[in-house]
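Worksheet: the structure to be examined is printed underneath.
The values are calculated or read from the model by the stated rules, or taken from the named source; none is laboratory data. Fair warning: this is a prediction, and the values are worked out from it, not measured in the lab. Cβ placement follows ideal geometry from the backbone for every residue including glycine, while neighbour counts extend to all protein chains displayed. Each accessible area value is taken on the protein alone, full model and side chains, heavy atoms only, with ligands, DNA and RNA left out. Shrake-Rupley method; radii C 1.70, N 1.55, O 1.52, S 1.80 Å.
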Amino acid sequence: MAGPALAGDLPVARVLIESSLPHLDRPFDYSVPAALDAEAQPGVRVKVKFNGQELAGYLLERVANSDAGHPLVPLHKVISPVPVLTPAVAELAGRIAARYAGTVSDVLRVAVPPRMAKLEKEFAPGGRLDPELFGAELPGAEVGSEEIGSATHASIQPAAAGSAWASYRNGPAFLAHLGAGESPRAVLTALQGYGPGGWPRLVAEAVAAVRLSGRGAVVVVPDYRDLDRVESALLDVLPAGDVARLTADDGQTPRYRSFLRLLSGAAGVAVGTRSAAYAPVQNLGLVVCWDDGDDLHIEQRSPYAHSREVLLLRAGQEGAACLLAAHSRSTESERLVASGWARAVDAERTVVRRTVPRVLNTADSFELEHDPLARIARLPGAAWRAAKEGLERGPVLVQVARAGYAPSLVCENCREPARCTACSGPLAIAGPSGGSASVPQCRWCSAPAPAWRCGTCNGVRLRRGAAGALRTAEELGRAFPGKPVITSSGDQVKATVPDAKALVVATVGAEPVAARGYAAALLLDGDSLLRRENLRAGEDAVRRWFNAAALVRPAPDGGLVVITADDAAGVGALLRWDPAGYASRELALRQELELPPAVRVASVTGGRTAVGHFTEAVQQRLAAQGIVLRVAGPAPVVLPAAAGPGRPASRDLSSRDSSPRDSGEEVRTLLFIPYARAAEVTAVLRAVKSAAAAKRSDDPVQLRLDGVDVL
């Protein structure tokens, strides 16, 4: 029986099916019925028949002929005539999948938000996106012949002569190159985290400069608190209609509306969290990543791409400028500076001294001479005095390592960590004694343990192994009677606090911003952060310390930061306010030891048999190409070691079969990959993963590239 009449021009459609199966990660050819000819354009969502199923996908391109060698199945349906997948984003998704040995479909799941049909009907009649319809709904959006997206030159506020960038070496030159339509690459070490000279203003001025050159921009931040601040700064220099906010926290409808505004060209600046890195900004001129060392920039689903790497690849692909900014400097950013790919933008020492607070360490020889117990006290005398004096001038920040009340319990007799009898997870207490919250509870499975007994000495009494934010707030409330205590941790994270004389107790990464800065800051539990069993423990601790210290007033205004940690390289960097020097030292050590980011690392996790077969297949293919990698493992996976302060252990077993044939322990093998051979190795990893998925001879394994929690 004859099939439907086909389109007269370019009757073959190449479709990428939405499937996470590695062996289906390629375009499939379908014929285009004449009835769908007008709607079946590159970039639209379609449905096709595949192996007896109806699957969704994206139409990548239309061609004249197919090399499939068999009659083609016709397209079943065009879901929407709106071309949501642009050629640039489709190419970027392919590059990301290649870099992380993943599938393009998994990347597009993050890049393209779920469809909201109502919005498409409202703003895309007949599948044509009308920027005037998008611009008309937003205040401040103007439509005219001199538009840059929805922003006119007159409505953009350029950086004045006294802009925030003037305090930084290479800062004015960076802005000048952006305004001239060029594509400079910079790594910015920002000094202040609050007020008019803070980092949001720096980012906004850079975006305004690139908008004046007629190009668009993408700004990616770790979380909603940073997003609110940088969006507010952008709206101070750009019209409201020119800024589109992209974050899943706002809900599907607002996110899709912003996506369509960018797609239509009604907005020229995308600002958001991880997925904003793929925003379909037209004529992209600048990509910005704030605080690239934050783990929140890592996508939690396969292929676990990092926002920084997505933006770097996109900048190279589209010839855009790049700005990596933070209060500290990651080793990855330092590597870009050391290689000459990017230029450092930082302040002169004279500017640093008048802009940042004074930093004091309670473990130095001078302090220990005056307070011999400072090394073991949680709140040494110098910290107590700093808090007391700071409370006379304004709010005081207290940074702690853990949330909760008593997040770690030990046996009072033998000091062995208290473990859950059901899952061996750590026990914790959620609140003070006297209520249900005082019953020990497992942090993993939430099982209560009212009748706990030590498995080592048979003891029945528990004591705190560490104090959390709530316990610290309780102790400080007693130490400073009459002063309000504000907590920011767990599910109760605050973005800002008033400029009142109050103690603000926050876990690392949850520090609120005070409009005029904190009078003082106490960085407690420093040794706990440094003792984490992780390659990046020191780097991460330094980043968190600088982020908190940047919220404190300058030293000339009485700003003081007190850190309670033993003398270490990271503490010295904070005392000198030298994040670049610490990053350079760390990078040199990693290069000497051939550890990330001096090399790339691939982790293969799964059952012992499956991991062994996968690793052997990879090594055989690489040997045929003359490539020999350094291999570590297989070694048993220890989940608690992968967890950071206040973060649960990663138990991502989504790639594992629900009823595995390999019932042995879970193991992990690490492959260390030189950058010079990374493209060849990742291609082999993808090929082996695809072949294993097609054969189904072993349990699937989890493959991750550049995971920060595996070393």
Checklist outcome for this item: Checked segment 182-274 against the a/c 1.5 cut and the a/b vs b/c comparison, axes a ≥ b ≥ c from its Cα gyration tensor; verdict oblate
Checklist entry - Picking from T421, G285, H23, whose Cα lies most toward the positive end of the charge dipole for the chain (charges on Cβ: Lys, Arg +1; Asp, Glu -1)? => result T421
Next on the checklist: So, for the chain, what is the accessible surface per residue at a probe of 1.4 Å, expressed in square angstrom?
Outcome noted: 42
Checklist outcome for this item: Rounded to a whole %, the carbon-and-sulfur portion of the accessible area of segment 230-300 at a 1.4 Å probe is 40
Next on the checklist: Need one word for segment 543-642: rounded, prolate or oblate. Basis is the Cα gyration tensor (sqrt eigenvalues a ≥ b ≥ c); a/c below 1.5 gives rounded, then a/b vs b/c decides.
Outcome noted: prolate
Checklist outcome for this item: Loop-resident trypsin sites (Lys or Arg not before Pro) in segment 454-491 with no more than 10 other Cβ atoms inside 10 Å, DSSP not H/G/I/E/B, are R461
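So what's the chain giving for Rg/Rh, alpha carbon basis, Kirkwood Rh from the mean inverse pair distance?
In the chain, Rg relative to Rh is 0.99.
Please state the charge dipole magnitude for the chain, taken about the Cα centre, from unit charges on C-beta atoms (+1 on K and R, -1 on D and E), reported in debye and rounded to the nearest 20.
About 1240 debye.
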Checklist entry - How large, in percent, is the carbon and sulfur part of the accessible surface of segment 54-100 at a probe radius of 1.4 Å? => result 55
Item to check | Total charge dipole magnitude, segment 460-586, about the Cα centre, Cβ charges on Lys, Arg, Asp, Glu only, Debye to nearest 20 | outcome: 360
Item to check | DSSP-defined beta bridges in segment 395-521 - what % are antiparallel, rounded to 5 | outcome: 45
Checklist entry - Roughly how many nanometres apart are two label points built 7 Å out from the Cα toward the Cβ at T421 and V439? => result 1.4
Checklist entry - At a 1.4 Å probe radius, carbon and sulfur cover how many percent of the accessible area of segment 487-531? => result 47
Checklist outcome for this item: Once A68 and E594 are pulled to full extension, the length gained, defined as 0.36 nm per residue separation minus their Cα-Cα distance, is 184.9 nm
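With both partners inside the chain, how many of the DSSP beta bridges are antiparallel, as a percent to the nearest 5?
Antiparallel bridges: around 50 percent, rounded to the nearest 5.
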